[in-house]
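Worksheet for the structure shown next.
Computed from the coordinates by the stated procedures, all read-outs in this text should not be read as laboratory data. Everything quoted here is computed from the prediction, not taken from an experiment. Every residue, glycine among them, receives a Cβ derived from its backbone with ideal geometry; neighbour counts consider all protein chains shown.
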Amino acid sequence: MELRDHGGGFPSMTRAIYNGTVVADSDDIRRVEGITYFPLDSVAEGALVDSPTTSQCFWKGKASYFHVQGDDDLALDSAFQYHRPWPLARRLVTNRVGFWRDVEIHND
C-alpha cells in the first residue's frame with residue numbers, strides 16, 4: 001500500500017480523470033496492487049453508473065463495478081468497490097472506489 005505525502009507533512013491531491021472530466025479528487029488515497037482507491041465522498045456526484053459486472057478477489061472479496069460517466073460517454077467497468085471486503089482488506093478498501101482502465105490518475 002502507498003499513501004501520498006510530498007514532504008513537509010502535506011499530502012498531495014490525487015485526481016481520477018476520464019476524458020478530461022475530474023471524477024474524483026482527494027489527498028487521502030490508497031494504492032493497492034497498482035489500483036488507486038479514493039474515498040467514496042471524494043467521487044463527483046453522477047460520475048458512477050451501476051454496472052452488472054462483478055468479480056472475486058481471493059483476499060479482498062467480491063467487487064461490484066461501475067461505468068464512469070464522462071461529459072458525453074461512459075468508460076465501461078472502469079471503477080469498482082468492495083462493499084464487504086474480507087478481513088485482510090478492510091483497512092485498505094472499505095468505503096473506497098478503485099479506478100482503472102480508461103480512467104487516468106494524476107498527482108499534484
Of segment 83-108, those with amide N under 19 Å from the point 7 Å along the Cα→Cβ vector of Asn19 are 99-106
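So if I place +1 on the C-beta of Lys and Arg and -1 on the C-beta of Asp and Glu, and nothing else carries charge, what would the dipole magnitude of the chain be about its Cα centre? I want it in debye, nearest 20.
In total the dipole reaches around 740 debye.
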Where the convex hull is taken over the Cα atoms of the chain, what is its projected area averaged over directions, in nm²?
6.6
